[in-house]
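Inspection log for the structure reproduced underneath, given as C-alpha cells.
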Amino acid sequence: MLRYLVFTFKHFYPDGGVNDLRGDAATLDEARSMVTRNCDVYQILDTETGSVYQMNKTATLKDEALYHFR
C-alpha cells in the first residue's frame, strides 16, 4: 500500500468504506490526478499523518487537510 488512499463516492449513495477506495498513490499530486469528476465527493487519506483532503463537485481540492485522524 502506498502513502495516499483515494476514495470517491456519490454523496447520497456511498458504497461505504473500502468499497469506495479507488486506489493508492505515493504522492499527493499523484493521488489528486486519480480524482475524476464522475463522483460527488472525493477524499484522499494520508496514511502516515492521518490527514484527510476532501472536495465535492462544487469545490476544488484544498492544499490543507480538512481534518486529521491522529
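Structure summary
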quantity: Residue that is modelled with the highest pLDDT, among those in segment 40-68 that are under 16 Å from Phe12 (Cα atoms) and over 12 Å from the mean Cα position of the chain (by Cα); calculated: Lys57
quantity: Members of segment 2-36 found to be at pLDDT 80 or above and on the phi > 0 side of the Ramachandran plot, listed by number; calculated: Gly23
quantity: Cross-chain or 6+ apart pairs with Cβ under 6 Å, segment 7-22 first and under 14 Å from Asn38 (Cβ atoms) and of a type in the set (Phe, Trp, Tyr), then modelled with pLDDT of 85 or more and part of a helix (DSSP H, G or I); calculated: Phe7/Asp20; Phe9/Asp20
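The values are calculated or read from the model by the stated rules, or taken from the named source; none is laboratory data. Computed from a prediction, not measured in an experiment: that's the story for all the values here. Counting neighbours? That spans all protein chains shown, and the Cβs are built from the backbone with ideal geometry, glycine included.
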